[in-house]
1. Can you work out which of the residues in region 699-748 that are surrounded by fewer than 20 Cβ atoms within 10 Å (Cβ to Cβ) and of a type in the set (Asp, Glu) is nearest to LYS781 (Cα to Cα)?
2. Considering each residue of region 36-81, count those that are assigned to a loop (DSSP other than H, G, I, E, B), surrounded by fewer than 16 Cβ atoms within 10 Å (Cβ to Cβ) and β-branched (Val, Ile, Thr), and give that number.
3. Would you point out the residue of region 646-680, among those that are of a type in the set (Lys, Arg) and out of contact with any helix residue (DSSP H, G or I) (no Cβ under 6 Å at 6 or more places or on another chain), that is surrounded by the fewest Cβ atoms within 10 Å (Cβ to Cβ)?
4. Quick check on my filter: what residues within region 669-721 are within 33 Å of the chain's Cα centre (by Cα) and acidic (Asp, Glu)?
5. Can SER618 be described as at negative phi and modelled with pLDDT of 85 or more?
6. Hey, among LEU812, LEU831, LEU848, which residue is in contact with a helix residue (DSSP H, G or I) (Cβ under 7 Å, 6 or more places away or on another chain) and either buried (at least 19 other Cβ atoms within 10 Å of the Cβ) or outside the structural domain of LEU746 (by TED's automatic domain parsing) (or both)?
7. Any residue that is more than 28 Å from PHE391 (Cα to Cα), in a helix (DSSP H, G or I) and among the hydroxyl-bearing types (Ser, Thr, Tyr) - is there at least one of those in region 550-570?
8. Could you please let me know if LEU771 is surrounded by 15 or more Cβ atoms within 10 Å (Cβ to Cβ), at pLDDT below 85 and assigned by TED's automatic domain parsing to the domain that holds CYS842?
Amino acid sequence: MVSGAIRLHISVEIKGEEKVAPYHVQYTCLHENIFHYMCESSKKSGCEDEVQLPKVKGENAWKIYFLPTMQEITDEFAMRYGIENIYRAMTHFSCLTTKSMCRGVPEVMSNLLAHINSYYAHNATSNAVSAGDRFAASNFGKEKFVKLLDQLHNSLRISLAVYRNSFPASQPERLHDMKCTVDLLTSITFFRLKVQNLSSAPRAATVLKECALNCMKTTYQFLFDNCNELQSNDVDRQSPDGLEFWHRLVELMVSVIEEDRVNYTPVLSSLQLDVNIGQLSASSMWSHFSQDVQLALQEHSEKPTVKMSDYMNLLFKIKWFYNKYVADAPAHKGSVPDYPRWFEQFVLRWLSENDEVSMEYLHSAYARDRKDNFQKSSEHALFSTSVVDIFTHLNQCLDVVKKLECPDPEVEATFLSRFSRTVAKVLFAYADIVAKDYGSFTDKPQKACVLMNNIQQARVQLEKLYEAMGGTAMQQETQDYLQNLQDELNAALDNLAARFVASQEAAIVEVVNEVGRLLHRVVKGPQPSGATTSAAAAATAAAQAEEADAVLRPLMELLDAELSLFASECEKAILKRLLREVWRLTISNLEKRVVLPPVSDPRQLFSTLSISSKASVSGVSHGLLSNISNISSNDTLSKDTEAKTMTPRQCGVILIALETIRQYFHAGGNGLKMAYLEKSTELQSLRHALSLYSQSTDSLIKTFVATQNCQDKPATEDQVGEVSVQIDLFRHPGTGDVKVNVKIILASKLKWKNVSMFRPFVEVNLIGPKLTGKKRKFATKSKSGTTSPKYNESFSFLIGSAEEPEAYELQLSCKDYCFAREDHLIGVTVLQIRDIIEQGSCSCWCGLGRKLHINEIGWTVLRILSQRPNDEVAAEFRPFVVIGNWFGAGLFLSRQATAEAGTQADAVWTKRRRRPRSHRTQTKKLNVLVRIRIVRVAWALLCCSSASITRPLPGPLRPPDRSRSRHRVMRLQTRVSSTGSAVTFTAKNIGEAIDFRSKRSVVLSKAIVQLWKLNTLVRKAQTMGCDQAAIRRGIGDSTGPRFST
């Protein structure tokens, strides 16, 4: 039967002659025909895609190719004609290549090729013949088998490139075939490397990756194109322009990746090819998806089509997809993804929208809290619910930002920086609302404390928020911004504390005034002499302690009431702020109202005066009169507030009281720190003022000269002229007396508008200690009609040897001489003797300023000197001594206002010839009214100054003819009253007032002179036909003082 079959084949192939083929060819024909018959039989049975494979196991299983009957025929032929087993295996392998994708075939082919590789490659190691030579000598044919392998390799690559279709995950048998297919690729690679000796044969892992990537690319494109059809549950079709499309696409990609991870990855993991289909699928899907979604978001960035919250939801979806599937892939592990940058501008826009939401939430929370009357948020909390609600909202916003888990540090820093702006905007607005509304609750201490506690709680919560945002790990710019916000809240809290304590200032001032009255009422007598025994010293100390307690009683009662409330209603940080403010206010008021005279500082006299630099003459004088009226009505210059000289005993009691107050505010360590109390400027200033009380007048003047280093500062800022002066110092070789020669050479560039009436002169004053009984002031002669007068006059001051020249200074003042009235001050400057000691002489130009600059120490010295009216030298330093002198160094505001009024009046007269006659008449009327106003102001100031004088001025005074003076005053009263003036005098009171032996005689005599001038100007105004209402406004109205006694 076998021979006949062969002959039949030969008779078909060979025509005309009969020839027997080689046995290997005959076997090949036999094997192929049997395989074809087997495949046809399977097709007829309905298994078209299956091949009937023998189910044999064991070492020789690779030698069994067919079912038993068919296998017996091939075995018989191979045994009879000597067909090798390797040839039979290669023949069967060739037959199976046509059915490589049938079920079970890849496993058989892989097993066959493995034995073929073993036959050629392994046997080559036992003899000198190489694997290539052995393969070339094969009866099957080298080129035929190589071509067969190449075709098979391409076919397998095609199958793996569509492995989802070729090897469905739902069929476990096909998954096994896929494994065997990959194993077959490995065997082909081995054959090429070991048998064919090819060095560039592609590795199986590389081929598998390429095929898988191609399959995944095709899969993604299919998902992208059929996204809506695959999501059959949704009715609406979504285009890539909508964000819902991308949500669906992500879900489909997840299903594909899960299939690769669950089904395909375990199948190939046993091959040890270092290929993870699941990770490879996630990486490939992400690569294609990122390109598409990035392009779509770029279009959305130009014109957003949905709300920012929808973009945030998509960001969370993509973040979840990346972290779960892509982050662990080798291609992306350890790298920073790009998706945060795609959504950066959308997140920033969302944060910007969140600003408005946060502000609305802030206002509603505060309004709700205010409506509830700022109820405390809990039983043990001292703050209300508004600050809790605000930070709850801010923490929720921060949670959203933190949940982004942004892997890009730069983008995360951008988000946190933008969020810090939101926090700052909200907290600034909250602090501003509280500050604006705080004035309504300063009279309600409990509510005011709750508001301050809210700001403090905001600072505490901001610190926690700072740590939650990353703390020091954030960018330095964001850290600085939040730190600046913390500082602003701290400043706002300080401001609230200061405002609250300032609202209590009236009560503190009242008790401090009471302390001053008790000090002068209780503490009397001289300072106790030094005790000879310890018992006497203890008794003296106890007595002073009792006096201090009696003096401090009203102050301590007030502090106990207020600070007890603060301790129960305020946070500890707030309590310390309030303690600091109360401490400053208490100590400063003790200094100003108890230790120092209350109104010895001209700046305090005119502290409420506000006059514009462009105000008219009438506006200036009206402002001065209004200010003086307020001073008079408030009894600022009355006897109750007159300066009283403190005795050394009283100073000692004040020192003991200060120690008591200091210990009270320290509260055993629970209050302010002792170091802060000791270093506070208020306490040091008060102690310094008390120490100055024990110094002599000469020591105080020496201190004044030593501490005033920039008195001529106004001369450099606003110079009104300059004076050329030469100063020479001489020291007697025997006695050591120092003599100062001052030569006034000339003045230049004096600023004065009416030069025709100008008569400038220079006055030189020597200021320093130990000058009692010595000549301290000289003046040059006046020069008329020039702003650059020449004097060439010399003066000599004898200092003596008791003090060094450094303790002295020269005050140069240029004035305009005025007959029968006070001279106008043009400018003033100071020369320190210590500046010219080394040279011994000095010739220079000195700039003149409108005033002198005196620092706080200088004002303190002046206050103390003002309490020594019986001291001849100290009296010259009393600021109120110059009230009668319009342009003295003490009253700069009144001097400037009057100088401006005089300048305007002079300007009117200067231009009178340039206008028509009607204008000249009107100008004359205006000038008279202006002069009435000026004289009225002068009279008012003199009246106020007389009210402050309680001691008779020293020196013998000659009383004038009383009856004659009384008659003159009565006549002035009659004439002035006829114009409707608010100035009211009686003959009796005036008669008593002009008694030159009384306390106010000198000042009142000057007031009478001004009243006489006022009467003359009123008569002139009436003669010229001025309006009566204008005259009344000029000579006095409701704003002017009414002098009766």
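The values are calculated or read from the model by the stated rules, or taken from the named source; none is laboratory data. This one's a predicted model, so the numbers in the text were calculated from it and none came from an experiment. Glycine gets a Cβ as well: all are built from the backbone with ideal geometry, and neighbour counts include every protein chain shown.
1. Per the criteria, the residue is ASP728.
2. Matching residues across region 36-81 total 1.
3. Per the criteria, the residue is LYS679.
4. Selection gives GLU678, GLU682.
5. No: the conditions fail for SER618.
6. The match here is LEU848.
7. Within region 550-570, one or more residues are more than 28 Å from PHE391 (Cα to Cα), in a helix (DSSP H, G or I) and among the hydroxyl-bearing types (Ser, Thr, Tyr).
8. Details: surrounded by 15 or more Cβ atoms within 10 Å (Cβ to Cβ): yes; at pLDDT below 85: yes; assigned by TED's automatic domain parsing to the domain that holds CYS842: yes.
Yes: the conditions hold for LEU771.
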